[in-house]
Amino acid sequence: MSVQKSEAAIPSPEGPANVIETDYEIGQDNVTPQLGPFGLDIHNPVFFVSGLTIVAFVFLTLAFQNQVGPLFGDLRSWLTSTFDWFFLFAGNVFVLLCLFLIVSPYGRVRIGGRDATPDYSYTGWFAMLFAAGMGIGLMFYGVSEPISHYSSAIGGVTLENGVRTDWAPLGGAAGNQVEAERLGMAATIFHWGLHPWAVYAVVALALALFAYNKGLPLTIRSAFYPIFGDRVWGWTGHIIDILAVFATLFGLATSLGIGAEQANAGLEFLFGIPVSNTSKVLLILAITGVALMSVVAGLDAGVKRLSEINMVLAALLLLFVILVGPTLAIITGFFSNLLAYAEYLPALSNPFGREDANFSQGWTSFYWAWWISWSPFVGMFIARVSRGRTVREFIICVLLIPSIVSVLWMTAFGGTAISQIVNDNYTAVQDAGLELKLFTMLAALPLTEITSFVGIALVIVFFVTSSDSGSLVIDTITAGGKVNAPVSQRVFWATFEGLVAIALLLGGGLVALQAMAVSTGFPFTIVLLLTCYTIIKGLASEPR
Amino acid sequence: MYKKLVVPIDMEHEDKLQKSLETAANIAKHYDAEVCYLGISTEAPSSVAHSPEEYRKKLEAFAQQQSGMHGHRVSAKAVASHDPSADINDTLLKAIEDAGADLVVMASHIPGIADRFWPSHGGAVASRAKVSVFLVR
């Protein structure tokens, strides 16, 4: 017999990799009910338990709004202030592990086996991981966060009964404009640089390693096989997966709801479209509709293409701000901000004995919980598209390059806004609400109509790319790691997410449930520290 | 009349393929044609195989087993897809063309109401392939 090998699709023999031998067969716990004309292929009990719990939580929140809101709000602030040292400490562990992997011999291990070839080109790969990883946050915080830190730093330290009441990072820089700008930028970059990307890299590497090299299903529980052994196929694993679905769906639905409120404010500012529930619901429906088309078209024709469009738009906007804004200041600022970041990094990331509790708990620890609660989703999506890269290449592209892009983005948007305040006495940005800061900054630059339109378009497309990749991830987890489950299931999850967002938007409770989603960051931090151990253990047994 | 048949198979549901496999083998013997068994694998581990490479080996074994049963000439073609749930029709059509087939024999189900909106893979291949397609229901 003759055997043909498809040149295009099958990477030549995958080469040696150390597959974990387990009796578990992917999909063995799945059930295949027929729902009307649609056949399903879903994991029992992960699909049902997570679906029903989500519905139950939405109903409870709507019914007991006045009790639920404060409850989850308090839970979140209690976690981020009591365990601030734990979040900060864990964040440092993730960064150090990633940096170690770049220089260690483990960096030579290839995801997918020694001879695997990459599934995606650098541009497609990078576009997807960036769009899923940060995207929307850069739009909202690119202008507002540097300004916040700059203002509080220049205000210096204020004490009331011996307790600091200011929000300045570290010791602030009272009255010193140059130093306040450096500290403000360093603090912003700290929150958007190495640490968040290290969180994603750890989750993504663990999942990619245990799926593509060890042959376990592509779902969160597989990363815990070295710790729990075959118990991960039982309730231990069910709980890990359900928690991941929970964090992902609530994280996505609540940011979709809150994002719709912000996008509506932007649309009112630009085009006079009134802020109303109708416009917000229409926005959610439109975003969900495009996300639906994208997931039905699939990873290559939908998600990847949208991510690329997104990256081109974002790059154009960035380039525009650099060229039209204070060009020279941005270019020199990029390097001086990198230096400031390096200089302040040890103090900013110190988990113990912090005096700037408002900043380290209210900002840093909150951010860490937030990134970690998003990590199952972003990490799993990054894992899915990263087969064929070496560990070293993977960490450089998931940790270092995005961090540098974040530095450039924050320098361009934040630096321009700070320069408008300092040099031009244009304070509109400082006074504007969070959702309008980007647009007020752009309003002071030429071609406002065009750039603001691009800004709104970016906000919306960023939501779509989060929503479609999130639906793919939830679908895979609730199908027990099967990536070839029927398309109707991802349609279900994308629609469900939109409906949850609308229900919470109309009934109230968006902020409460977002607080709950962020709270899942705490258990996940423990889970991720365990993952660091399983990564090393998994890599050690791979041929290099 | 036919030189090379392509038979797309889903190794996850081998039990549902008997009729189409026998049909293909009989046509192949009649025309002394070769049957190329075409399988689409996921890149992530699946219930069939841990990796595209393992899938390819299983597909080859499957083809040889068919040859042993029916005595016709066989080959195997495995294609890995990023997202088979969405890409399968395009991947199948491209692989059919790459294989240089002049007849596709494919299992399909009896069309139901859902097929009006969402055609079966067999239906989609039949309506878009450039060569003859024999759907076995």
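Is there any pair linking a residue in segment B:15-41 that is in contact (Cβ under 8 Å) with a residue 12 or more places away in the chain to one that is assigned to a helix (DSSP H, G or I) and among the aromatic types (Phe, Trp, Tyr), with Cβ under 7 Å and at least six apart or on different chains, and which?
Final answer for the pair search is B:Tyr37/B:Phe62; B:Gly39/B:Tyr55; B:Ser41/B:Tyr55.
What about A:Val473, is it at pLDDT 90 or above, open to solvent by less than 20 Å² (accessible area, probe 1.4 Å) and among the β-branched types (Val, Ile, Thr)? Talk me through it step by step, then tell me what you get.
Values: at pLDDT 90 or above: yes; open to solvent by less than 20 Å² (accessible area, probe 1.4 Å): yes; among the β-branched types (Val, Ile, Thr): yes.
Yes, satisfied.
In segment B:70-83, which residue that is open to solvent by 30 Å² or more (accessible area, probe 1.4 Å) and touching a residue at least 40 places away in the same chain (Cβ under 8 Å) is nearest to the other protein chains (Cβ to nearest Cβ)?
The first filter runs over segment B:70-83 and keeps only residues open to solvent by 30 Å² or more (accessible area, probe 1.4 Å), leaving B:70-71, B:73, B:82.
Keeping just the survivors that are touching a residue at least 40 places away in the same chain (Cβ under 8 Å) gives B:70-71, B:73.
Details: B:His70: 13, B:Gly71: 12, B:Arg73: 8 Å.
Within segment B:70-83, the match that is nearest to the other protein chains (Cβ to nearest Cβ) is B:Arg73.
For A:Ile456, which of the numbered conditions (1) at pLDDT below 90; (2) within 14 Å of chain B (Cβ to nearest Cβ) fails to hold?
Answer for A:Ile456: the failing condition is (2).
For (1) open to solvent by less than 20 Å² (accessible area, probe 1.4 Å); (2) within 13 Å of chain A (Cβ to nearest Cβ); (3) part of a helix (DSSP H, G or I), each residue gets a yes or a no:
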{"residue": "B:Asn26", "(1), (2), (3)": "no, no, yes"}
{"residue": "B:His30", "(1), (2), (3)": "no, no, yes"}
{"residue": "B:Cys36", "(1), (2), (3)": "yes, yes, no"}
{"residue": "B:Glu54", "(1), (2), (3)": "no, yes, yes"}
{"residue": "B:Lys58", "(1), (2), (3)": "no, yes, yes"}
{"residue": "B:Ala63", "(1), (2), (3)": "yes, yes, yes"}
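Quick one: in segment A:374-393, of everything that is of a type in the set (Gly, Ala, Ser) and more than 14 Å from every other protein chain (Cβ to nearest Cβ), which residue is farthest from A:Gln514 (Cα to Cα)?
A:Gly379
Does A:Ile396 meet the test of being part of a helix (DSSP H, G or I) and either within 14 Å of another protein chain (Cβ to nearest Cβ) or under 30 Å from A:Val31 (Cβ atoms) (or both)?
Numbers: part of a helix (DSSP H, G or I): yes; either within 14 Å of another protein chain (Cβ to nearest Cβ) or under 30 Å from A:Val31 (Cβ atoms) (or both): no.
No; evaluated as a whole, the condition is false for this residue.
B:Ser47 passes all but one of (1) among the small types (Gly, Ala, Ser); (2) buried (at least 19 other Cβ atoms within 10 Å of the Cβ); (3) outside any strand (DSSP E or B); which number fails?
B:Ser47 satisfies every listed condition except (2).
Please verify whether segment B:86-101 includes one or more residues that are touching a Gly at 6+ places or on another chain (Cβ under 9 Å), among the hydroxyl-bearing types (Ser, Thr, Tyr) and buried (at least 18 other Cβ atoms within 10 Å of the Cβ).
No, because not a single residue in segment B:86-101 is touching a Gly at 6+ places or on another chain (Cβ under 9 Å), among the hydroxyl-bearing types (Ser, Thr, Tyr) and buried (at least 18 other Cβ atoms within 10 Å of the Cβ).
Just to be sure before I move on: is A:Ser466 among the small types (Gly, Ala, Ser), more than 13 Å from every other protein chain (Cβ to nearest Cβ) and assigned to a helix (DSSP H, G or I) in the structure I sent?
Details: among the small types (Gly, Ala, Ser): yes; more than 13 Å from every other protein chain (Cβ to nearest Cβ): yes; assigned to a helix (DSSP H, G or I): yes.
Taking the combined requirement at face value, the residue satisfies it.
Just one of A:Thr525, A:Thr476, A:Thr520 is of a type in the set (S, T, N, Q) and within 30 Å of B:Ala80 (Cα to Cα); which is it? Talk me through it step by step, then tell me what you get.
On the way: A:Thr525 fails: within 30 Å of B:Ala80 (Cα to Cα); A:Thr520 fails: within 30 Å of B:Ala80 (Cα to Cα).
After applying the criteria, what remains is A:Thr476.
Search segment A:203-218 for residues being assigned to a loop (DSSP other than H, G, I, E, B) and either modelled with pLDDT of 95 or more or at the interface with another protein chain (Cβ under 7 Å from one of its Cβ atoms) (or both), and hand back the single one that is surrounded by the most Cβ atoms within 10 Å (Cβ to Cβ). Give the steps one after another, and end with the answer.
Going residue by residue through segment A:203-218, those that are assigned to a loop (DSSP other than H, G, I, E, B) are A:214-218.
The next check asks that each one be either modelled with pLDDT of 95 or more or at the interface with another protein chain (Cβ under 7 Å from one of its Cβ atoms) (or both); those that pass are A:215-218.
Numbers: A:Gly215: 22, A:Leu216: 27, A:Pro217: 30, A:Leu218: 27.
Ranking the candidates gives A:Pro217 first.
Please find, within segment A:256-270, the residue that is nearest to the chain's Cα centre (by Cα) out of those that are modelled with pLDDT of 85 or more and open to solvent by 10 Å² or more (accessible area, probe 1.4 Å).
A:Leu267
A:Gly107 is checked against (1) open to solvent by 20 Å² or more (accessible area, probe 1.4 Å); (2) within 29 Å of A:Tyr533 (Cβ to Cβ); (3) not hydrophobic (A, V, I, L, M, F, W, C) and fails just one. What number does that condition carry?
It is condition (1) that A:Gly107 fails.
For every residue, the table says whether it meets (1) in contact with a Phe, Trp or Tyr (Cβ under 8 Å, 6 or more places away or on another chain); (2) over 28 Å from A:Phe246 (Cβ atoms).
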site: A:Ser148; (1), (2): yes, yes
site: A:Glu160; (1), (2): no, yes
site: A:Leu170; (1), (2): yes, yes
site: A:Gln177; (1), (2): no, yes
site: A:Pro196; (1), (2): yes, no
site: A:Val199; (1), (2): yes, no
site: A:Ile220; (1), (2): no, no
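Output the number of the condition that A:Val483 fails; it satisfies all remaining conditions of (1) touching a strand residue (DSSP E or B) at 6+ places or on another chain (Cβ under 6 Å); (2) surrounded by fewer than 24 Cβ atoms within 10 Å (Cβ to Cβ).
(2)
A:Glu435 is checked against (1) charged (D, E, K, R); (2) in contact with an Asp or Glu (Cβ under 9 Å, 6 or more places away or on another chain); (3) buried (at least 23 other Cβ atoms within 10 Å of the Cβ) and fails just one. What number does that condition carry?
Here A:Glu435 meets the rest and fails (3).
Specify which of the listed residues (B:Ser47, B:Ser67) is facing chain A (nearest Cβ under 7 Å), within 26 Å of A:Phe210 (Cα to Cα) and of a type outside the set (A, V, I, L, M, F, W, C).
On the way: B:Ser67 fails: within 26 Å of A:Phe210 (Cα to Cα).
The unique qualifying residue is B:Ser47.
What pairs come out if I take residues in segment A:237-248 that are assigned to a helix (DSSP H, G or I) and pair them with residues that are of a type in the set (D, E, K, R) whose C-beta lies under 7 Å away, six or more apart or interchain?
Short answer, once both residue conditions are applied: A:Gly237/A:Arg221; A:Ile240/A:Arg221; A:Asp241/A:Arg221.
What pairs can you find where one residue is in segment B:90-110 and within 12 Å of chain A (Cβ to nearest Cβ) and in a helix (DSSP H, G or I), the other is hydroxyl-bearing (Ser, Thr, Tyr) and open to solvent by less than 30 Å² (accessible area, probe 1.4 Å), and their Cβ atoms are less than 8 Å apart, with a gap of 6+ or different chains?
Listed by first residue and then by second, the contacts come to B:Thr91/B:Ser81; B:Ala95/A:Ser6; B:Asp98/A:Ser6.
Condition test on A:Ser222, is it within 14 Å of chain B (Cβ to nearest Cβ), in a helix (DSSP H, G or I), hydroxyl-bearing (Ser, Thr, Tyr) and closer than 20 Å to A:Ser50 by Cβ?
Working: within 14 Å of chain B (Cβ to nearest Cβ): yes; in a helix (DSSP H, G or I): yes; hydroxyl-bearing (Ser, Thr, Tyr): yes; closer than 20 Å to A:Ser50 by Cβ: yes.
Here the answer is yes, as A:Ser222 does meet what is asked.
Is it true that A:Ala168 is in contact with a helix residue (DSSP H, G or I) (Cβ under 7 Å, 6 or more places away or on another chain), open to solvent by less than 20 Å² (accessible area, probe 1.4 Å) and either modelled with pLDDT under 90 or assigned to a loop (DSSP other than H, G, I, E, B) (or both)? First the steps, then the outcome.
Numbers: in contact with a helix residue (DSSP H, G or I) (Cβ under 7 Å, 6 or more places away or on another chain): yes; open to solvent by less than 20 Å² (accessible area, probe 1.4 Å): yes; either modelled with pLDDT under 90 or assigned to a loop (DSSP other than H, G, I, E, B) (or both): yes.
Here the answer is yes, as A:Ala168 does meet what is asked.
Quick check on my filter: what residues within segment A:277-300 are surrounded by fewer than 17 Cβ atoms within 10 Å (Cβ to Cβ) and within 14 Å of another protein chain (Cβ to nearest Cβ)?
A:Met293
Search segment A:299-327 for residues that are over 21 Å from A:Ile287 (Cβ atoms) and pair each with any residue that is surrounded by fewer than 20 Cβ atoms within 10 Å (Cβ to Cβ) and among the polar types (S, T, N, Q) when their beta-carbon atoms are under 7 Å apart and the residues are at least 6 apart or on different chains.
Every condition considered, the pairs that remain are A:Pro326/A:Ser419.
The values are calculated or read from the model by the stated rules, or taken from the named source; none is laboratory data. Treat the numbers as computed from the prediction; the structure is a model and nothing was measured. With ideal geometry, Cβ positions are generated from the backbone for all residues, glycine too; neighbour counts draw on all protein chains shown. The area values use the complete protein model at the heavy-atom level, side chains included, leaving out ligands, DNA and RNA. Shrake-Rupley method; radii C 1.70, N 1.55, O 1.52, S 1.80 Å.
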